[in-house]
1. Please go through region 47-71 and give me each residue that is surrounded by 12 or more Cβ atoms within 10 Å (Cβ to Cβ) and either acidic (Asp, Glu) or in contact (Cβ under 8 Å) with a residue 40 or more places away in the chain (or both), ordered by number.
2. Note down all Cβ pairs under 6 Å where the first residue falls in region 11-23 and is at negative phi, the second is loosely packed, with under 14 Cβ neighbours inside 10 Å and in a helix (DSSP H, G or I), and they're at least six residues apart or on different chains.
3. Can you tell me how many residues in region 94-112 are in a helix (DSSP H, G or I) and either surrounded by fewer than 11 Cβ atoms within 10 Å (Cβ to Cβ) or in contact (Cβ under 8 Å) with a residue 40 or more places away in the chain (or both)?
4. Surrounded by 10 or more Cβ atoms within 10 Å (Cβ to Cβ) and farther than 30 Å from His7 by Cα: is that true of Ile78 in this structure?
5. Does Arg41 satisfy the criteria of being over 14 Å from the mean Cα position of the chain (by Cα) and under 21 Å from Ala87 (Cα atoms)?
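The values are calculated or read from the model by the stated rules, or taken from the named source; none is laboratory data. Quantities reported herein were computed from a predicted structural model and do not represent experimental measurements. With ideal geometry, Cβ positions are generated from the backbone for all residues, glycine too; neighbour counts draw on all protein chains shown.
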Amino acid sequence: MICPSCHQTASTWVRNSFSLQGVTLAQSFKGELKCQNCGVRLRNSKYSKHFWYSLTTMAVFVFLIALFSDRLYLSFGILGLALYWAALVILSTLIFVYAVWKYAILEVVAEDELVKK
C-alpha cells in the first residue's frame, strides 16, 4: 500500500488491521484512510491482479481440503477435524487481510469531494 503523494508506505499491516487509520468509521467503510507519513486522505480504488490470484489460490486450496475432509475425519476424529478447520479458517483470514493491505491501489481523495461533505 504505497501513498501516491509521498511514495512511501501509507499504512502498516497492524495499523490497517486494528485501527481506523485517522478517518471516521463511515469513511473507513468507504475504503478511505490517511497516510501515516504525509497525512493525505486516500481511497482504496482497486486491487492489483496479485490480490485476485492469491484469493483464487486460497479458495481452490480450501475447496481441495474440504474435498478430502472425510479422510481427515477417519484419521483424526471429529475433534482433530474441528481443530484443523479452525486453524485453516484463521490462516485463510490472516492471508486475506494481508493481501487486502499489500495489494491495494490507492488514489488521493479530491479536494472538491471534501467540500461537498
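1. Tyr47, Ser48, Phe51, Ser54, Leu55, listed by residue number.
2. Qualifying pairs under 6 Å: Ser17/Val97.
3. Result for region 94-112: 10.
4. So Ile78 does not fit the description; no.
5. It is false that Arg41 is over 14 Å from the mean Cα position of the chain (by Cα) and under 21 Å from Ala87 (Cα atoms).
Here's the yes/no breakdown for (1) of a type in the set (A, V, I, L, M); (2) modelled with pLDDT under 85; (3) outside any loop (DSSP other than H, G, I, E, B):
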residue: Ser17; (1), (2), (3): no, yes, yes
residue: Ser28; (1), (2), (3): no, yes, yes
residue: Asn37; (1), (2), (3): no, no, no
residue: Arg43; (1), (2), (3): no, no, yes
residue: Ser54; (1), (2), (3): no, yes, yes
residue: Tyr73; (1), (2), (3): no, yes, yes
residue: Phe76; (1), (2), (3): no, yes, yes
